[in-house]
Amino acid sequence: MPRIAVFASGSGSNFQALADAASSQKLGAELALLVCDKPRAYVLERAQAANVPHVVFEPKQYLSREQYEHDVLHVLEEYDIDWIVLAGYMRLITPVLLQAYEGRMVNIHPSLLPAFPGLHAVRQALDYGVKVTGVTVHLVDEGMDTGPIVAQQAVVIEPGDTEAELTARIQAVEHDLYPQVVRRLVSGKR
Ligand code: GRF
């Protein structure tokens, strides 16, 4: 079975969806590792509860992003990781990891890319006044939320939606979509 590492920096609701899918044999992969760059992130508690091994890094202690990623890469090799699944990992990826995992690193973003990349994508969509937004899963390159799109799903914005309401509907779509797309990708399909 392919072995995946999830990278996350925050609450980890997508990590949870992936862990739940893995434990009910619906991921087609083993969730072999959580890589976290925030020592106090809630996702670490989720990993503990789900019995998923985790490593925590403090990128600020490194002189460069590349040096940090060399250490991450070393751990990925130790755990024999085949795929990197970014889920709310709040950093750009450098060529160190990109070259090692070319075509085997995926990200999820809460908008229909290329609209509204970067931070606060849900708020950006509300501020712009679009009527439809959604979720994108894409392969990762050096850019911010760029890279070939693998899957998208639309979410309709209702009149009067707050950021919290819209975020909740988008996240529900993410939690359903991401495990399905990861399953497809690790099985070798696009
Ligand atoms: C998700 O909305 C994802 O699309 C974005 O960051 C958020 C992470 O949420 N990249 P969570 O930590 O998985 O709850």
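The values are calculated or read from the model by the stated rules, or taken from the named source; none is laboratory data. Worth saying up front: this structure is predicted, and the values here are computed from it rather than measured. When we count neighbours, we look across all protein chains shown, and the Cβ atoms used for this are built from the backbone with ideal geometry, even at glycine. Accessible surface areas use protein heavy atoms only, side chains included; no ligands, DNA or RNA. Shrake-Rupley method; radii C 1.70, N 1.55, O 1.52, S 1.80 Å.
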key: helices (runs of 4 or more DSSP H) (entirely within the stretch 10-112) containing at least 2 residues that are more than 13 Å from the ligand (Cβ to nearest atom) and within 28 Å of Ile170 (Cβ to Cβ)   = 13-23, 43-49, 95-100
message = Being farther than 15 Å from Val85 by Cβ, modelled with pLDDT of 95 or more and in contact with a helix residue (DSSP H, G or I) (Cβ under 9 Å, 6 or more places away or on another chain) is true for just one of Gln67, Gln48. Which residue is that?
response = Gln67
inquiry  = Restricting to the stretch 147-190, give me the number of residues that are farther than 18 Å from Ala5 by Cα, open to solvent by 20 Å² or more (accessible area, probe 1.4 Å) and either part of a helix (DSSP H, G or I) or of a type in the set (Lys, Arg) (or both).
reply    = 12
key: Conditions (1) open to solvent by less than 40 Å² (accessible area, probe 1.4 Å); (2) of a type in the set (Gly, Ala, Ser); (3) touching a Phe, Trp or Tyr at 6+ places or on another chain (Cβ under 7 Å): number failed by Ser11   = (1)
message = Please determine whether any residue of the stretch 34-57 is within 27 Å of Ser187 (Cα to Cα), of a type in the set (Lys, Arg) and open to solvent by 20 Å² or more (accessible area, probe 1.4 Å).
response = yes
query = Under 8 Å by Cβ, and 6 or more places apart or on different chains, what pairs join a residue from the stretch 112-138 that is in contact (Cβ under 8 Å) with a residue 60 or more places away in the chain with one that is assigned to a helix (DSSP H, G or I) and exposed (fewer than 13 other Cβ atoms within 10 Å of the Cβ)?
reply = none
task = Name every residue in the stretch 113-136 that is surrounded by fewer than 15 Cβ atoms within 10 Å (Cβ to Cβ) and within 14 Å of the ligand (Cβ to nearest atom), in order of residue number.
result = Gly118, Leu119, His120, Arg123
